[in-house]
1. Among 264-272, 306-314, 6-14, what's the highest-first ranking by average C-beta atoms within 10 angstrom per residue?
2. For the residue pair residue 14 and residue 113, what label-to-label distance in nm results when each label sits 7 Å from Cα along the Cα-to-beta-carbon direction?
3. Where Rh denotes the Kirkwood radius from the mean inverse Cα pair distance, what is Rg over Rh for the stretch 1-112?
4. Which three semi-axes in whole Å describe the equivalent ellipsoid of the chain, each the square root of 5 times a Cα gyration tensor eigenvalue, listed largest first?
5. Between residue 135 and residue 310, take the C-beta separation as r, use R0 = 45 Å, and let me know the FRET efficiency to the nearest 0.05.
6. Any chance you could check the Cα centroid distance between the stretch 225-270 and the stretch 277-323 for me, in angstrom?
7. Mind telling me which of 170, 137, 121 comes out most flexible in a GNM of the chain, alpha-carbon contacts under 10 Å?
8. What order do you get for 67-76, 175-184 when each peptide is scored by the mean count of other beta carbon atoms within 10 Å, highest first?
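What follows is calculated from the coordinates using simple rules that are stated; it is not laboratory data. The structure displayed is predicted, hence computed values, not measured ones. FYI the Cβ positions are ideal-geometry reconstructions off the backbone, even for glycines, and counts take in every protein chain you see.
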């Protein structure tokens, strides 16, 4: 088999014109390595010797832009910074202007509904495991077109299964690192089971979290319960849903809302069950391990929380950061 030599002069022609359909959703990217923004997906590259690539040595977070405003940006940045400090990852100089960078990259992307993926990496510098080989950490910001789940998923609910993949130890579970192999395996087993989501259990057999989602259940006594965050990632959306649920307590739709252990049996016997996450909001679960949850249809607590969250995402000015749409680079 013959191989041609690739250099700067023929690199892009070597890519060919084959369809890379997934790239149509890549709107814009900033890289601190080249200190600029591109809208060309072929340029949205990270060096192979960046330790985030060959070691998973980095952290990330995902923020939502809704109707032209960024929702809960400060809460997501706080979690990103907490994760970076937990693994002793230095912040690159560019991070001092991260808010302006986010605003600018979203504006260049040009779409009012999008996902913003921030990644802090240890940076390029050999293929070793030694972080001291990296001269500087790096910041990457990608803006991706947002696609909601099919309306049917919210109207009829979804099914989930119990994951057999060992859960991360608490130290790693609470850090949003770029090592997501267990999460990938959870998604694979869900798809093999004919559904989209699986739920992991902790070492004691209690519900923990999905591959990228937090989980909540409504017990027969009217209590909304979320697994505690000492064994799961502290979900920004889950925390906000928890706060908004207090409104349903005041309206007597719920008796209480709390973080507590949830056994599989309690989940099977729940009146309602749902998943929460940045990209899916509140998603009703109607079957768990083949067992019907409640009446087998999305319930009133899900409907109430979904409405409260959407109002919060679109009208709560305290949690919304406007985009300067005329600031395109």
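1. Numbers: 264-272: 17.6, 306-314: 16.0, 6-14: 9.2.
Taking the mean over residues of other Cβ atoms within 10 Å, the ranking is 264-272, 306-314, 6-14.
2. The two pseudo-label positions are separated by 4.0 nm.
3. Values: Rg = 16.9 Å, Rh = 16.6 Å.
Rg/Rh for the stretch 1-112 comes to 1.02.
4. Numbers: eigenvalues 265, 103, 79 Å².
Computed over the chain, the values are 36, 23, 20 Å.
5. E between residue 135 and residue 310, to the nearest 0.05, is 0.50.
6. 12 Å
7. 170
8. Values: 67-76: 19.0, 175-184: 16.3.
Listed from highest to lowest mean packing, they are 67-76, 175-184.
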